[in-house]
Amino acid sequence: MDETDILAILKQLEPKMQSVLFQTSNDYREDLEQDLKERMIKIIKNNINLEVPGFFDFIGEEQMQDYSGMLTRC
């Protein structure tokens, strides 16, 4: 995931973040915004995996072997 992807995600979250920030006093708003963005970037970098597993990877090899005996050709 590159910087443009992260910025796009932050842009999508901007309205929600602004609504939360307006619940905070003006004195702390700028600091809180910076902290929120910093934490969101860390979470995005660490937790988002854009590779979706294939079907057989998803169900696992053991389950495929269990079902292979039940498959018949028409």
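The values are calculated or read from the model by the stated rules, or taken from the named source; none is laboratory data. A quick note: this is a predicted structure, and the numbers were derived from the prediction, not measured. Cβ atoms come from the backbone with ideal geometry, glycine included; neighbour counts cover every protein chain shown.
Residue-wise test of (1) of a type in the set (S, T, N, Q); (2) within 20 Å of the chain's Cα centre (by Cα); (3) at pLDDT below 95.
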position: Glu3; (1), (2), (3): no, yes, yes
position: Ile9; (1), (2), (3): no, yes, yes
position: Met17; (1), (2), (3): no, yes, yes
position: Phe22; (1), (2), (3): no, no, yes
position: Ile43; (1), (2), (3): no, yes, yes
position: Asn46; (1), (2), (3): yes, yes, yes
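Taking region 48-74 as the search range and keeping residues that are of a type in the set (Asp, Glu) and part of a helix (DSSP H, G or I), which one is modelled with the highest pLDDT?
Of region 48-74, the ones of a type in the set (Asp, Glu) are 51, 57, 61-62, 66.
Next, only the ones that are part of a helix (DSSP H, G or I) stay: 57, 61-62, 66.
Numbers: Asp57: 80, Glu61: 65, Glu62: 63, Asp66: 61.
Step by step, filter region 48-74, then rank; the result is Asp57.
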Of all residues in region 14-45, how many are β-branched (Val, Ile, Thr), assigned to a helix (DSSP H, G or I) and free of Cβ contacts under 8 Å to residues at least 12 places away in the same chain? 1
